[in-house]
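To start, the structure under review is shown below, and the notes come after it.
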Amino acid sequence: MTSDELARDPLWVARRLLGCELRSSSPEGEVAVRLVEVEAYRGTDDPASHCYRGRTERNSVMFGPAGHLYVYFVYGMHFCINVVCMTDSVPGAVLLRAGEVTTGSELARSRKPAARKDAQLASGPARLAGVLGITREHNGIDLTSPDSPVRLYNGTQVAEDDIRSGPRVGVAAAMDLPWRSWVDGSESVSAYRRGGRRRTRARA
DNA sequence: AGCAGGATGCGCT
DNA sequence: GCGCATCCTGCTT
């Protein structure tokens, strides 16, 4: 996976990332996952992108060089991770939604004790970030640098015929865009959930 | 097996 | 304040 490739359109990078391996080193040990589910987000013309309304402090990494890691915090307790791409024209990124743990499943299990099967350890974006031990401290790191604690490697390329696509999970805007891609048949692919406002009952 | 609801912090209107 | 690129538990079919 070259920097040239990472600097391309998020839609292309997303499919290219399937089958790649993400490896994280920490004092606790090493965990690696094979990516099986991703989503593309593309700046200015994508209402679901964090960059849709321009640059802020939170999304500033998405405006930086391709191949860096954009980490954000959601729902008060979870981190999600993206690979930055397409920096020449508009900001873009690929959300890493799910993977299969290939190295360090014991450490991964200790970080996600609720998982009932190994296939669920990294099934979902916050779970994926969780098993890799990624937090806001990792925001902005270069995934292509040998000095980085988290690095991206070429795995076994997934054949076109084994890639499926559909609308992004939990996104109400642009539901007609099939910008989520996943590896057909992987048990680790997360469940689809439609976007839209959840009903919140007023309490008495 | 499937869904509703709560937990929980922070960025943005 | 509101709502979020979510996860987990517990209760219903």
If you check every pair at least six apart or on different chains, which have Cβ atoms under 8 Å apart with a residue in the range A:1-21 that is without any contact (Cβ under 8 Å) to a residue 12 or more places away in the chain first and a residue that is surrounded by 15 or more Cβ atoms within 10 Å (Cβ to Cβ) second?
A:Glu5/A:Val13; A:Glu5/A:Arg16
Taking the range A:51-67, which residues are under 16 Å from the mean Cα position of the chain (by Cα) and either near DNA strand B (Cβ under 7 Å from one of its atoms) or on the phi > 0 side of the Ramachandran plot (or both)?
A:Asn59, A:Gly67
Yes/no for A:Gly170 being buried (at least 19 other Cβ atoms within 10 Å of the Cβ) and either within 11 Å of A:Val33 (Cβ to Cβ) or within 16 Å of DNA strand B (Cβ to nearest atom) (or both)
no
Taking A:Tyr41, is it surrounded by 22 or more Cβ atoms within 10 Å (Cβ to Cβ) and under 16 Å from A:Gly92 (Cβ atoms)?
yes
Hey, A:Gly76 touching a residue at least 60 places away in the same chain (Cβ under 8 Å) and either under 17 Å from the mean Cα position of the chain (by Cα) or surrounded by fewer than 22 Cβ atoms within 10 Å (Cβ to Cβ) (or both) or not
no
Against the definition (without any contact (Cβ under 8 Å) to a residue 60 or more places away in the chain and of a type in the set (Ser, Thr, Tyr)), how does A:Thr87 come out, yes or no?
no
If we keep only residues of the range A:102-161 that are within 16 Å of DNA strand C (Cβ to nearest atom), among the hydroxyl-bearing types (Ser, Thr, Tyr) and not in a helix (DSSP H, G or I), then the residue surrounded by the fewest Cβ atoms within 10 Å (Cβ to Cβ) is A:Thr135
Whichever residue in the range A:146-164 is without any contact (Cβ under 8 Å) to a residue 24 or more places away in the chain and under 18 Å from the mean Cα position of the chain (by Cα) and, among such residues, is farthest from A:Leu95 (Cα to Cα)
A:Ser148
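Regarding the range A:119-140, can at least one residue be identified that is closer than 23 Å to A:Arg193 by Cα and β-branched (Val, Ile, Thr)? Working first, answer last.
The first filter runs over the range A:119-140 and keeps only residues closer than 23 Å to A:Arg193 by Cα, leaving A:119-131.
Remaining after also requiring β-branched (Val, Ile, Thr): A:131.
Yes, the range A:119-140 has at least one match.
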Within the range A:179-189, identify whether any single residue is β-branched (Val, Ile, Thr), within 15 Å of A:Val31 (Cβ to Cβ), within 15 Å of DNA strand B (Cβ to nearest atom) and in a loop (DSSP other than H, G, I, E, B), and answer yes or no.
no
From the residues in the range A:23-71 that are touching a helix residue (DSSP H, G or I) at 6+ places or on another chain (Cβ under 9 Å), in contact (Cβ under 8 Å) with a residue 60 or more places away in the chain and near DNA strand C (Cβ under 8 Å from one of its atoms), which one is farthest from A:Ala108 (Cα to Cα)?
A:Tyr41
Inter-residue pairs, beta-carbon under 8 Å, first within 30 Å of A:Arg34 (Cα to Cα) and of a type in the set (Phe, Trp, Tyr) and in the range A:189-204, second at pLDDT 85 or above and not in a loop (DSSP other than H, G, I, E, B), 6+ apart
A:Tyr192/A:Gly166
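Kindly indicate whether any position in the range A:62-76 is assigned to a helix (DSSP H, G or I) and more than 17 Å from A:Ile134 (Cβ to Cβ).
Step one: filter the range A:62-76 for residues assigned to a helix (DSSP H, G or I), giving A:62-63.
After this cut, where a residue has to be more than 17 Å from A:Ile134 (Cβ to Cβ) as well, the list is A:63.
Yes, the range A:62-76 contains a residue that is assigned to a helix (DSSP H, G or I) and more than 17 Å from A:Ile134 (Cβ to Cβ).
The values are calculated or read from the model by the stated rules, or taken from the named source; none is laboratory data. Just so we're clear, the structure is a prediction, and the values are computed from it rather than from any experiment. Positions of Cβ are backbone-derived with ideal geometry, glycine not excepted, and every protein chain shown enters the neighbour counts.
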